[in-house]
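Asker: Structure in structure tokens, see below.
The values are calculated or read from the model by the stated rules, or taken from the named source; none is laboratory data. Model, not experiment: these values are computed from the prediction. With ideal geometry, Cβ positions are generated from the backbone for all residues, glycine too; neighbour counts draw on all protein chains shown.
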Amino acid sequence: MRQREMIEAETLLHEEADSFIGWRESLSAIPTINQLQERANMFRTEELKKCTRKLSQNDNFTDRELEAVERLSRGIVNKMLHGPMSHLRKAESVEKKQAALSELSSMFRLDDEQGARGRGRRRR
């Protein structure tokens, strides 16, 4: 009886240790997730300012309508970022997580100061 309880306790201990290690490794994604959110919100804010300037020239929008457009833009950004952020948070091997972090940083130019300021983009 005691032997079986020891085996169960050891199994539980290993499961919890694995869970903790997975959680700890997922923390390495937090800086990239934060950068991605900041970059997306920077673009969202820039585009929202352009849009509201153009719209306010033609029509008189109420604060309520402008807030609705703001919520819409936040919702779109959040939905677009959900997949990449969930992928980064998944507990995978350290190598896969580092590769995903590197690829995402490259795709969104998170380490590129020029990209952070929005320069180098084509103007319309």
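Asker: Mind checking which pairs have a first residue in region 65-76 that is under 11 Å from T52 (Cβ atoms) and a second that is of a type in the set (S, T, N, Q), Cβ under 9 Å, 6 or more apart or different chains?
Answerer: L66/T52; L66/S56; V69/T52; E70/T52; S73/T45
Asker: Next question. Across region 55-64, what is the number of residues that are assigned to a helix (DSSP H, G or I) and either in contact (Cβ under 8 Å) with a residue 24 or more places away in the chain or surrounded by 13 or more Cβ atoms within 10 Å (Cβ to Cβ) (or both)? Walk me through how you get there before you give the answer.
Answerer: Within region 55-64, the subset assigned to a helix (DSSP H, G or I) is 55-58, 63-64.
Still in the list and also either in contact (Cβ under 8 Å) with a residue 24 or more places away in the chain or surrounded by 13 or more Cβ atoms within 10 Å (Cβ to Cβ) (or both): 55.
The number of residues fulfilling the criteria is 1.
Asker: Right, another one. What are the residues in region 97-124 that are part of a helix (DSSP H, G or I), surrounded by 14 or more Cβ atoms within 10 Å (Cβ to Cβ) and modelled with pLDDT of 60 or more, if any? Outline the logic, then answer.
Answerer: As a first pass, look at region 97-124 and keep what is part of a helix (DSSP H, G or I): 97-107, 113-116.
Right, trim to surrounded by 14 or more Cβ atoms within 10 Å (Cβ to Cβ) and you get 97-98, 100-101, 104-105, 115-116.
Hits for region 97-124 are K97, Q98, A100, L101, L104, S105.
Asker: Residues that are in a helix (DSSP H, G or I) and in contact with a Lys or Arg (Cβ under 7 Å, 6 or more places away or on another chain): does region 4-27 have at least one?
Answerer: Of all residues in region 4-27, those in a helix (DSSP H, G or I) come to 4-27.
Right, trim to in contact with a Lys or Arg (Cβ under 7 Å, 6 or more places away or on another chain) and you get 25-26.
Yes: region 4-27 contains one or more residues that are in a helix (DSSP H, G or I) and in contact with a Lys or Arg (Cβ under 7 Å, 6 or more places away or on another chain).
Asker: Quick one: count up the residues across region 81-93 that are assigned to a helix (DSSP H, G or I) and either aromatic (F, W, Y) or surrounded by fewer than 11 Cβ atoms within 10 Å (Cβ to Cβ) (or both). Give the steps one after another, and end with the answer.
Answerer: Of region 81-93, the ones assigned to a helix (DSSP H, G or I) are 81-89.
Now drop any that are not either aromatic (F, W, Y) or surrounded by fewer than 11 Cβ atoms within 10 Å (Cβ to Cβ) (or both), which leaves 82-83, 86.
Of the residues in that region, 3 qualify.
Asker: Is at least one residue of region 12-21 over 12 Å from the mean Cα position of the chain (by Cα), of a type outside the set (D, E, K, R) and surrounded by 12 or more Cβ atoms within 10 Å (Cβ to Cβ)? Before the answer, list the steps.
Answerer: In the first step, residues of region 12-21 are kept if they are over 12 Å from the mean Cα position of the chain (by Cα); the result is 12-21.
With the extra rule that they be of a type outside the set (D, E, K, R), the set shrinks to 12-14, 17, 19-21.
Retained after the next criterion (residues that are surrounded by 12 or more Cβ atoms within 10 Å (Cβ to Cβ)): 21.
Yes; the residues of region 12-21 include at least one that is over 12 Å from the mean Cα position of the chain (by Cα), of a type outside the set (D, E, K, R) and surrounded by 12 or more Cβ atoms within 10 Å (Cβ to Cβ).
Asker: Determine which member of the set F20, F43 is within 25 Å of L101 (Cβ to Cβ) and modelled with pLDDT under 90.
Answerer: On the way: F43 fails: modelled with pLDDT under 90.
Result: F20 is the single residue among F20, F43 that is within 25 Å of L101 (Cβ to Cβ) and modelled with pLDDT under 90.
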